[in-house]
Amino acid sequence: MLEFKQDNAAAVMILTLTEFVTLPAPYYLFVFTHVTTKEVVAFVKAEIDDESDYPDRYNQFTINAATVFAGKKTGEWHYRVHEQASAVNIDPSASGGVLEYGKLYLDRATEFSYT
């Protein structure tokens, strides 16, 4: 399970994508869907964006959650990561197979306090 704060400018995702890749130099399509509202957030990362020291074992990507999830609802999101040859496509039906799926908990930027 991934967990981000809504204002996190450097949210790190650690995934295992390489073991299922079938393309020689894939782009990764990340698709996040809010559980309640069904709102979708999608973006693409290149294989060269992988920050992992051991990409055959795990993959590590950093995103700016404050930008990607700006104005989006907090709470549970489902995510899927697809492989694809396109650097710009954000349509899952036009991409390749799903490499990984799971849940993300998007927490509010500031902690709630009782008054």
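The values are calculated or read from the model by the stated rules, or taken from the named source; none is laboratory data. Only a predicted model underlies this, so the values are computations on that prediction, with no experimental measurement involved. Here the Cβ positions follow ideal geometry from the backbone for every residue, glycine too, while neighbour counts run over all protein chains shown. To get the accessible areas, we keep the full protein, side chains included, count just its heavy atoms, and leave off ligands, DNA and RNA. Shrake-Rupley method; radii C 1.70, N 1.55, O 1.52, S 1.80 Å.
Any idea which residue in the stretch 81-110 is surrounded by the most Cβ atoms within 10 Å (Cβ to Cβ), counting only those that are in contact with a Lys or Arg (Cβ under 8 Å, 6 or more places away or on another chain) and not in a loop (DSSP other than H, G, I, E, B)? Let's see the steps before the verdict.
Taking the stretch 81-110 first, the residues in contact with a Lys or Arg (Cβ under 8 Å, 6 or more places away or on another chain) are 92, 98, 100-101, 106-109.
When the remaining residues are screened for being not in a loop (DSSP other than H, G, I, E, B), the result is 92, 98, 100-101, 106-107.
Values: Pro92: 16, Val98: 14, Glu100: 16, Tyr101: 11, Leu106: 24, Asp107: 15.
Selected residue: Leu106.
Please find, within the stretch 27-42, the residue that is farthest from Gly102 (Cα to Cα) out of those that are touching a Leu at 6+ places or on another chain (Cβ under 8 Å) and not small (Gly, Ala, Ser).
Step one: filter the stretch 27-42 for residues touching a Leu at 6+ places or on another chain (Cβ under 8 Å), giving 28, 32, 42.
Pick out the ones that are also not small (Gly, Ala, Ser) and you get 28, 32.
Working: Tyr28: 15, Phe32: 10 Å.
Among residues in the stretch 27-42 that are touching a Leu at 6+ places or on another chain (Cβ under 8 Å) and not small (Gly, Ala, Ser), the one farthest from Gly102 (Cα to Cα) is Tyr28.
Mind listing whichever residues of the stretch 70-85 are in contact with a strand residue (DSSP E or B) (Cβ under 6 Å, 6 or more places away or on another chain) and of a type outside the set (D, E, K, R)?
Within the stretch 70-85, Thr74, Trp77, His78, Tyr79, Val81, His82, Gln84 meet the criteria.
Pairs only if they're at least six apart or on different chains, beta carbon under 7 angstrom, first in the stretch 89-115 and within 27 Å of Asp7 (Cβ to Cβ), second open to solvent by less than 30 Å² (accessible area, probe 1.4 Å) and part of a loop (DSSP other than H, G, I, E, B); list them, first residue then second.
Once the first residue is within 27 Å of Asp7 (Cβ to Cβ) and sits in the stretch 89-115, its partners that are open to solvent by less than 30 Å² (accessible area, probe 1.4 Å) and part of a loop (DSSP other than H, G, I, E, B) give Glu100/Leu17; Leu106/Phe69.
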